[in-house]
């Protein structure tokens, strides 16, 4: 079960008109904190992200199911189930046995899935798959919402990153 303040923050994002993926980000963030503080582990950063997205769907975030070709049929079916669960009323309680089994399985997994290094590697891989055009469009959209101060901060950060990469090469 996600913590109350996480669900609250996601609802606040929805009220502000933010996208479902932004709302789901709160749940993914919570999942990373759980892995980092040792509540449980994850086999990979993708698994930790998937758990967060599943929790978001079950909490009622209107995340679309992944497109065909991008993920397996099993994953898409699970996402559809999670979304349905998010829309339906809170009826049946989860099975205690199954819940305990999942928890103990995750406890045996490693904690490095939520490390800064593995998350940045995951983000980089995902960005490469998306392609430069898509990344550029996202950047343009982000610029519209930043404001003057945010823009100059971003420019400074970009300059620092460029300088650091130049030194490394």
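The values are calculated or read from the model by the stated rules, or taken from the named source; none is laboratory data. This structure is a prediction, so every number in the text was calculated from the model and none was measured. A quick note on method: Cβ atoms are made from the backbone with ideal geometry, for glycine too, and the neighbour counts reach across all protein chains shown.
Residue count for the stretch 144-154 satisfying the condition of being surrounded by 10 or more Cβ atoms within 10 Å (Cβ to Cβ) and either touching a residue at least 40 places away in the same chain (Cβ under 8 Å) or over 30 Å from residue 70 (Cβ atoms) (or both): 5.
Residues in the stretch 14-32 that are closer than 16 Å to residue 141 by Cβ and assigned to a helix (DSSP H, G or I) were compared, and the one that is nearest to the chain's Cα centre (by Cα) is 25. One residue stands out in the stretch 106-143 among those that are touching a residue at least 24 places away in the same chain (Cβ under 8 Å) and over 13 Å from residue 44 (Cβ atoms): the one that is farthest from the chain's Cα centre (by Cα), namely 108.
Counting residues in the stretch 127-136 that are within 26 Å of residue 39 (Cα to Cα) and either touching a strand residue (DSSP E or B) at 6+ places or on another chain (Cβ under 7 Å) or not in a helix (DSSP H, G or I) (or both) gives zero.
Every residue, every condition in (1) assigned to a helix (DSSP H, G or I); (2) modelled with pLDDT of 90 or more, yes or no:
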{"site": "64", "(1), (2)": "no, yes"}
{"site": "74", "(1), (2)": "yes, yes"}
{"site": "89", "(1), (2)": "no, no"}
{"site": "92", "(1), (2)": "no, no"}
{"site": "122", "(1), (2)": "yes, yes"}
{"site": "142", "(1), (2)": "yes, no"}
{"site": "145", "(1), (2)": "yes, no"}
{"site": "157", "(1), (2)": "yes, yes"}
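You will find that of 95, 103, the residue that is farther than 23 Å from residue 15 by Cα and free of Cβ contacts under 8 Å to residues at least 12 places away in the same chain is 95 and no other. Residue check: residue 99 meets all listed conditions (1) part of a helix (DSSP H, G or I); (2) farther than 23 Å from residue 49 by Cβ; (3) out of contact with any helix residue (DSSP H, G or I) (no Cβ under 7 Å at 6 or more places or on another chain) but one, namely (2).
Answer yes or no as to whether residue 5 is over 13 Å from the mean Cα position of the chain (by Cα), in a helix (DSSP H, G or I) and surrounded by fewer than 17 Cβ atoms within 10 Å (Cβ to Cβ). Give the derivation first.
On the way: over 13 Å from the mean Cα position of the chain (by Cα): yes; in a helix (DSSP H, G or I): yes; surrounded by fewer than 17 Cβ atoms within 10 Å (Cβ to Cβ): yes.
Spelling it out, residue 5 is indeed over 13 Å from the mean Cα position of the chain (by Cα), in a helix (DSSP H, G or I) and surrounded by fewer than 17 Cβ atoms within 10 Å (Cβ to Cβ).
Residues of the stretch 159-169 that are outside any helix (DSSP H, G or I) and either at pLDDT 90 or above or within 30 Å of residue 40 (Cβ to Cβ) (or both): none at all. If you check residue 55 against the conditions, is it surrounded by fewer than 16 Cβ atoms within 10 Å (Cβ to Cβ) and in contact (Cβ under 8 Å) with a residue 24 or more places away in the chain? Here the answer is no, as residue 55 does not meet what is asked. Of everything listed in (1) in a helix (DSSP H, G or I); (2) surrounded by 13 or more Cβ atoms within 10 Å (Cβ to Cβ); (3) without any contact (Cβ under 8 Å) to a residue 40 or more places away in the chain, the single unmet condition for residue 46 is (3).
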